[in-house]
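In what follows, a structure is listed as structure tokens, so that the remarks can point back to it.
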Ligand code: RB5
């Protein structure tokens, strides 16, 4: 798969570790930075990574900051992005099976490198289940597009 990866200054080491891990498994990893230890605004990395997905240059994305929250919230402001912010493999797996998450975010200050690898594996290996979950994902996308749910009263 083509996987885009982005991070802030807190997560350079974890990004580099995951990049090596994914490349060893045969994935193509597109790095949008940062690779510096100087303070870096995480919305920039979220924007650059999600733009690659929107433009069809990457299949999915991994975002890492201190907690995963700032970079994940930023990603979820981008059209067509469903970013799961999570710290455990179970949530990661279900985020693909039920929510068809195309981006995953976590925190380098929250989890260690082994757990990060497990989370990424569960998410990449899972498949979207469709069916009733497709209807709900469609509703998420309608909320994104219109701010409303057709047929649902306020
Ligand atoms: C940086 O200090 C920190 O705020 C950032 O990495 C992240 O945790 C924000 O959500």
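Which residue, of 79, 93, is out of contact with any strand residue (DSSP E or B) (no Cβ under 9 Å at 6 or more places or on another chain) and in contact (Cβ under 8 Å) with a residue 40 or more places away in the chain? So that I can check it myself, show each step before the final result.
On the way: 93 fails: in contact (Cβ under 8 Å) with a residue 40 or more places away in the chain.
It is 79.
Being more than 16 Å from the ligand (Cβ to nearest atom) and over 8 Å from the mean Cα position of the chain (by Cα) is the filter here; which residues of the stretch 93-111 pass it?
93, 94, 95, 96, 97, 98, 99, 100
Given the criteria touching a residue at least 60 places away in the same chain (Cβ under 8 Å), away from the ligand (no atom under 15 Å from the Cβ) and closer than 23 Å to residue 142 by Cα, does residue 51 qualify?
Considered against the rule, which asks whether it is touching a residue at least 60 places away in the same chain (Cβ under 8 Å), away from the ligand (no atom under 15 Å from the Cβ) and closer than 23 Å to residue 142 by Cα, residue 51 comes out as no.
Kindly indicate which of 85, 73 is within 14 Å of the ligand (Cβ to nearest atom), in contact with a strand residue (DSSP E or B) (Cβ under 6 Å, 6 or more places away or on another chain) and without any contact (Cβ under 8 Å) to a residue 24 or more places away in the chain.
When all the criteria are applied, what remains is 85.
Regarding residue 56, is this residue surrounded by fewer than 17 Cβ atoms within 10 Å (Cβ to Cβ), over 14 Å from the mean Cα position of the chain (by Cα), within 29 Å of residue 135 (Cα to Cα) and away from the ligand (no atom under 16 Å from the Cβ)?
When the stated conditions are applied, residue 56 passes them.
Does residue 67 satisfy being in contact (Cβ under 8 Å) with a residue 40 or more places away in the chain and either within 16 Å of the ligand (Cβ to nearest atom) or crowded, with 24+ Cβ neighbours inside 10 Å (or both)?
On the way: in contact (Cβ under 8 Å) with a residue 40 or more places away in the chain: yes; either within 16 Å of the ligand (Cβ to nearest atom) or crowded, with 24+ Cβ neighbours inside 10 Å (or both): yes.
Yes; evaluated as a whole, the condition is true for this residue.
Read-outs: derived from the displayed coordinates by stated rules, not from any lab. Small disclaimer: the values here were computed from a predicted structure and weren't measured. Don't worry about glycine lacking a Cβ; one is built from the backbone with ideal geometry, like all the others, and counts go over all protein chains shown.
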